[in-house]
Amino acid sequence: DAEITQSPRHKITETGRQVTLACHQTWNHNNMFWYRQDLGHGLRLIHYSYGVHDTNKGEVSDGYSVSRSNTEDLPLTLESAASSQTSVYFCASSRGGPDDEQFFGPGTRLTVL
Amino acid sequence: QQQVKQSPQSLIVQKGGISIINCAYENTAFDYFPWYQQFPGKGPALLIAIRPDVSEKKEGRFTISFNKSAKQFSLHIMDSQPGDSATYFCAASMWKLTFGGGTRVLVKP
């Protein structure tokens with residue numbers, strides 16, 4: 001069955017370290033998204049991609065970067081982790097239309113000490 | 001600046017009761033309004049969605065009411081069941097989703 005996976009599921013790191021969170025989908029979806037979820041803030045968009053080699057900044061992109069070298073993967077990199085980036089991170093994908101359903105991964109809980 | 005405001009943050013309802021969650025948006029360019037349901041430890045999943053040319057949409061026990069002039073929409077969960085206990089997010093879309101802050105619903109047996 002097609003799916004979207006995230007790894008690792010849990011990560012503890014130290015301030016200043018570079019961290020990369022993986023996202024992989026097997027639906028062949030064009031669109032992929034990264035969100036962070038914090039209590040009271042819902043889900044906030046970090047970066048998104050509408051296809052290979054396309055990346056765009058979301059509303060909370062500072063300190064994060066993405067690259068899209070193939071259809072299946074959109075890794076999220078924290079260049080220099082900060083305690084404010086402690087959060088639960090969700091990856092999502094959708095087929096390609098503006099209102100196509102987004103399918104979410106299981107999330108990665110990141111703690112920055 | 002939060003473009004989609006959701007209330008309440010949490011609610012408790014008895015089994016069989018009605019759960020009502022409200023959302024308000026600011027940007028009139030939004031043209032698609034989905035609701036997502038999230039269980040603990042899982043990613044959100046699409047529950048039901050509506051477009052602004054429709055005032056109401058019903059799917060089973062879940063109904064969206066939409067008021068375009070007031071820029072408000074709401075989710076009604078009829079005959080609430082313990083299995084409906086989850087966090088619900090409204091969202092508004094203009095090519096990408098903007099989410100409300102979420103409502104944690106607890107249905108007591």
- Has segment A:62-78 got at least one residue that is under 14 Å from the mean Cα position of the chain (by Cα), touching a residue at least 60 places away in the same chain (Cβ under 8 Å) and under 25 Å from residue B:101 (Cβ atoms)? yes
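From the set of residues in segment B:86-109 that are more than 14 Å from the chain's Cα centre (by Cα), touching a residue at least 12 places away in the same chain (Cβ under 8 Å) and surrounded by 13 or more Cβ atoms within 10 Å (Cβ to Cβ), which is farthest from the other protein chains (Cβ to nearest Cβ)? Step through it out loud before you land on a result.
Step one: list which residues in segment B:86-109 are more than 14 Å from the chain's Cα centre (by Cα), which gives B:94-96, B:106-109.
Going one step further and asking which of them are touching a residue at least 12 places away in the same chain (Cβ under 8 Å), we end up with B:94, B:106-109.
Within this subset, residues satisfying the condition of being surrounded by 13 or more Cβ atoms within 10 Å (Cβ to Cβ) are B:94, B:106-107.
Details: B:94: 8, B:106: 16, B:107: 21 Å.
The extreme case among them is B:107.
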- Note on the structure: Across (1) of a type outside the set (D, E, K, R); (2) more than 14 Å from every other protein chain (Cβ to nearest Cβ); (3) touching a Lys or Arg at 6+ places or on another chain (Cβ under 7 Å), residue B:83 clears everything bar (3)
- Task: State all residues of segment B:16-72 that are within 11 Å of another protein chain (Cβ to nearest Cβ), farther than 29 Å from residue A:109 by Cβ and small (Gly, Ala, Ser); if no residue qualifies, say none.
- Result: none
- Query: Which one is farthest from residue A:113 (Cα to Cα) among residues in segment A:13-48 that are exposed (fewer than 15 other Cβ atoms within 10 Å of the Cβ) and of a type in the set (Val, Ile, Thr)?
  - Reply: A:26
- Evaluate segment A:79-98: report whether one residue or more is surrounded by fewer than 21 Cβ atoms within 10 Å (Cβ to Cβ), more than 14 Å from chain B (Cβ to nearest Cβ), closer than 24 Å to residue A:15 by Cβ and hydrophobic (A, V, I, L, M, F, W, C). yes
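From A:55, A:111, A:86, grab the single residue that is under 13 Å from the mean Cα position of the chain (by Cα) and β-branched (Val, Ile, Thr). So that I can check it myself, show each step before the final result.
Working: A:111 fails: under 13 Å from the mean Cα position of the chain (by Cα); A:86 fails: under 13 Å from the mean Cα position of the chain (by Cα).
The match here is A:55.
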- Task: Please report, ordered by residue number, the strands (runs of 3 or more DSSP E) entirely within segment B:42-109 with at least 2 residues that are at pLDDT 95 or above.
- Result: B:45-50, B:56-59, B:62-67, B:72-77, B:86-93, B:103-108
- Of the residues that make up segment A:99-106, is at least one surrounded by fewer than 16 Cβ atoms within 10 Å (Cβ to Cβ), over 15 Å from the mean Cα position of the chain (by Cα) and within 22 Å of residue B:39 (Cβ to Cβ)? yes
- Query: How many residues are over 22 Å from residue B:93 (Cβ atoms), assigned to a strand (DSSP E or B) and hydrophobic (A, V, I, L, M, F, W, C) when one looks only at segment A:58-85?
  - Reply: 1
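The values are calculated or read from the model by the stated rules, or taken from the named source; none is laboratory data. All values reported here derive from a predicted model rather than from experimental measurement. Neighbour counts run over all protein chains shown; Cβ positions are idealised from the backbone, glycine included.
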